Amino acid sequence: MMKKNLQLKGIICLTILVMVSFVNHAQDFHLRQAQTVEELLLKKDPNRTYALINKEKYLVVENLRLNTRDRFYVGNLIRFKTKDGFVFEDDIYEVKDSSFVVTALNQTTNRYEYVEIKLDEVTKIYKRPKRKIGIGWQTFSPFGYLVFEWAAWGVSPLQNNKWPIAAALTVAQPLFTIVSNQFRSRRITENYRLRVFQSF
């Protein structure tokens, strides 16, 4: 009983010490200085904030069916394909009235160069990079449960009625990667439109 009382007193003392240290180091709420709207916007999306402050042009990919817009500002990474079949994954350097400039790596000179792309040259916009089909131990992990049952209960993997599920899950993983790669692009058509907007 005496030991429990000592433990309880020790916990209470430790809790009080922690609370006092927090109170000493914490700043009073009413003394805190409120952040400006510009500071909050710069934290959330600096490229968009700079475009608004400097009244810069930016790119917009419009989905006319769903009435949604994706915006790309100077400094943002953009992935797209041109009519010539070239795929770019580069930062936007400048946006003009009917074109935009990206900083692309020249493989021959191994230097970054400015490439101007006209809006009507873009055929596809990519939402994300292409995922690689990786086949490793995690691909075959569904068969691990069959091996576990074999080791624990002596059920042979070939006689186990769960092996078709394990095989289906193993095949589904790379198949899902292939399918998700097919839906990463937006083709510029009458439903999707690439335009230049001006910040005011």
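The values are calculated or read from the model by the stated rules, or taken from the named source; none is laboratory data. In this text, all values refer to a predicted model and were calculated from it rather than measured experimentally. Backbone-built Cβ (ideal geometry, glycine too); neighbour counts: all protein chains shown. Only protein heavy atoms, including side chains, enter the accessible area calculation; ligands, DNA and RNA are left aside. Shrake-Rupley method; radii C 1.70, N 1.55, O 1.52, S 1.80 Å.
Quick notes on this structure:
- Enumerated strands (runs of 3 or more DSSP E) restricted to segment 110-200, each holding at least 3 residues that are in contact with a strand residue (DSSP E or B) (Cβ under 8 Å, 6 or more places away or on another chain) and surrounded by fewer than 15 Cβ atoms within 10 Å (Cβ to Cβ): 111-118, 192-198
- Screening segment 97-109 for residues that are assigned to a loop (DSSP other than H, G, I, E, B) and polar (S, T, N, Q) and picking the one that is nearest to the chain's Cα centre (by Cα) gives Gln107.
- In segment 35-58, of all residues being open to solvent by 70 Å² or more (accessible area, probe 1.4 Å) and of a type in the set (D, E, K, R), the one that is farthest from the chain's Cα centre (by Cα) corresponds to Lys55.
- Filtering segment 59-82 to residues that are of a type in the set (Lys, Arg) and either without any contact (Cβ under 8 Å) to a residue 40 or more places away in the chain or surrounded by 12 or more Cβ atoms within 10 Å (Cβ to Cβ) (or both) leaves Arg69, Arg71, Arg79, Lys81.
- Filter result (closer than 17 Å to Arg128 by Cα and of a type in the set (A, V, I, L, M)) within segment 166-193: Ile178, Val179, Ile188
- Residue check, Ile92 open to solvent by less than 30 Å² (accessible area, probe 1.4 Å), without any contact (Cβ under 8 Å) to a residue 60 or more places away in the chain and within 25 Å of the chain's Cα centre (by Cα): yes
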